[in-house]
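The values are calculated or read from the model by the stated rules, or taken from the named source; none is laboratory data. In this text the structure is predicted, and so the values were computed from the model without any measurement. Here the Cβ positions follow ideal geometry from the backbone for every residue, glycine too, while neighbour counts run over all protein chains shown. Surface areas here come from the heavy atoms of the whole protein model, side chains and all, with no ligands, DNA or RNA. Shrake-Rupley method; radii C 1.70, N 1.55, O 1.52, S 1.80 Å.
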Amino acid sequence: MTGARYRFSSTWLLPGTAPERVFGAVTDLAGYPRWWSDVRAVRRVDDDTAELICRSRLPFRLVVRMHRDHQDERAGVLRVRLSGDLDGVLAGVVRAAGAGTLLQITQDVQARKELLRRLDAVARPLFRANHALMMRRGHRGLAAYLA
């Protein structure tokens with residue numbers, strides 16, 4: 001099965017927050033629903049894997065398993081493998097930036113959900129806008145949560 005490929009990049013500036021706090025929050029998948037409204041539920045699968053149910057503005061949900069592939073708090077890097085409705089890799093870099101923290105997130109995924117694959121040719125701009133909106137809400141939510 002093939003799927004539509006997407007690459008996303010986001011940079012979140014979190015003023016007044018130490019890198020350790022940001023790293024702790026973004027690696028605590030079970031805590032995502034407390035600060036990210038688009039993450040509707042998280043189910044722990046094992047010590048390194050969780051299943052997230054996400055829904056943004058569009059009328060469908062994504063079920064994605066996130067499996068910890070690499071995590072180094074001292075270096076501020078993390079990488080998870082994604083499977084389910086999206087298949088690929090999500091990587092993050094957390095580093096001090098002035099009196100705060102910069103979180104850089106990159107995603108390289110293939111859509112596996114049939115709806116996304118079927119509508120990609122006509123709805124790709126809408127899917128990308130939906131993702132951008134979800135990431136903005138995540139950024140705002142994390143900033144408020146850590147304040």
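Here region 55-79 is scanned for amide nitrogen atoms under 19 Å from the site 7 Å beyond the Cα of Arg44 along Cα-to-Cβ, giving 64-71. With the gyration tensor restricted to C-alpha atoms of region 62-147, the semi-axes of the equivalent ellipsoid amount to 27, 17, 10 Å, longest first. Compute the acute angle (0 to 90°) between the alpha-carbon long axis of helix 114-146 and the principal axis of greatest extent of the alpha-carbon atoms of the chain; round to the nearest 10°. It is inclined by approximately 20 degrees.
Rounded to the nearest 0.05, the FRET efficiency derived from the C-beta distance between Arg5 and Arg34 at R0 = 41 Å is 0.85.
Kirkwood-based Rg over Rh for the chain (C-alpha set), two decimals?
Taking Rh as the inverse mean 1/r over Cα pairs, Rg/Rh reads 0.96.
What a 1.4 Å probe finds exposed on the chain is 52% carbon and sulfur by accessible area, rounded to a whole percent.
Once the 1.4 Å probe is applied to the protein heavy atoms, region 1-83 comes out at 58 Å² accessible per residue.
Take the Cα of Glu73, go 7 Å toward its beta carbon, and the backbone nitrogen atoms of region 85-106 under 15 Å from that spot belong to 94-95. For region 1-50, the Kirkwood radius over C-alpha pairs fed into Stokes-Einstein at 10 °C and 1.306 mPa s yields D = 117 µm² per second. Only helices enter this figure: runs of n ≥ 4 DSSP H residues, each worth -39500 (n - 2.57), summed and divided by the residues of the chain, yield -10500 deg cm²/dmol at 222 nm to the nearest 500.
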